[in-house]
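One structure below.
Derivation of every value follows stated rules applied to the coordinates shown; laboratory data play no part. None of the values given here were measured: they were computed from a predicted structure. Please note: Cβ atoms are built from the backbone with ideal geometry, for glycine as well, and neighbour counts cover all protein chains shown.
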Amino acid sequence: MNELLVKRLNEQLVSEYEAVFNYLYHSTKVKNDEIRKAMEDFSRDELEHARMLISYIIRLGGEPVFMMPKVNQEQDEVQVLIYSIAAEESAVKMYTMVQQIIDDVEGREIIGRTIRMEEEHHRKLEEILNKVKEFYKGKRGAK
């Protein structure tokens with residue numbers, strides 16, 4: 001068993017738990033329907049990432065960690081989006097590093113698929129953030 005790989009995968013697993021709960025929490029708090037829907041969808045995606053990591057860690061002979069994550073309880077929609085974008089950027093960087101120490105094809109494919117999903121989340125969050133900023137800029141200009 002590659003202990004370093006299992007350690008890094010478990011670190012990412014904790015990050016996925018955090019993403020699941022953060023997106024779930026914010027999907028119930030934000031007022032903007034587009035943000036709410038994206039948060040709901042991303043929460044499901046992140047749960048699937050966690051499931052894939054758990055299966056892969058077990059297949060490697062490791063023991064997945066289970067812990068309750070910290071939830072960012074920021075209420076401002078713009079700040080929620082900025083925090084989420086940063087979290088997705090961090091996930092892509094960490095998964096890219098993890099992918100470099102994987103020596104089996106299936107594992108590299110799992111992580112590669114996850115990276116692509118995280119990049120898509122990042123793109124979608126930036127798109128929503130730009131719309132929200134434009135909306136608020138328009139409101140300020142209308143006063």
Placing one equal point scatterer on each C-alpha of the range 3-142 and summing with Debye, one gets log10 I(q)/I(0) at q = 0.10, 0.18 Å⁻¹ equal to -0.35, -0.96
Under a Gaussian network model of the chain whose springs join Cα atoms within less than 10 Å, the largest fluctuation of GLU46, GLU34, GLU89 belongs to GLU34
GNM on the chain, Cα springs under 10 Å; top mean-square fluctuation among MET117, MET39, MET97 goes to MET97
Packing-ranked peptide list from 60-68, 14-22, highest mean Cβ count within 10 angstrom first, is 14-22, 60-68
Highest GNM mean-square fluctuation among ILE54, ILE111, ILE102, for the chain with Cα springs under 10 Å, belongs to ILE102
Here, GLU109 and ARG59, labelled 7 Å along Cα→Cβ, have an inter-label distance in nm of 0.9
Residue-normalised 222 nm signal for the chain, counting each DSSP H run of n ≥ 4 as -39,500 (n - 2.57), nearest 500 deg cm²/dmol, is -29000 deg cm²/dmol
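Pick out the long, greasy-scoring helices in the chain: whole DSSP H runs spanning 30 Å or more along their own axis by Cα, mean Kyte-Doolittle at least 0.5.
The qualifying helices: there are none.
To two decimal places, what compactness ratio does the range 66-139 give when its Cα radius of gyration is scaled by 2.2 N^0.38 Å? Kindly include the intermediate steps, with their values, before the conclusion.
Details: Rg = 15.6 Å, N = 74, 2.2 N^0.38 = 11.3 Å.
Ratio of Cα Rg to 2.2 N^0.38 Å: 1.38.
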In this structure, the FRET efficiency calculated for MET67 and GLU89 from their beta-carbon separation, with R0 = 30 Å, to the nearest 0.05, is 0.85
Once normalised by the length of the range 3-142, the mean sequence separation of its alpha carbon contacts under 8 Å that are 6 or more apart gives a contact order in percent of 28
The simple spin-label model distance between LYS7 and ASN130, using points 7 Å out along Cα→Cβ, in nm, is 4.0
From the Cα centre of the range 66-82 to that of the range 90-143, the distance in Å is 16
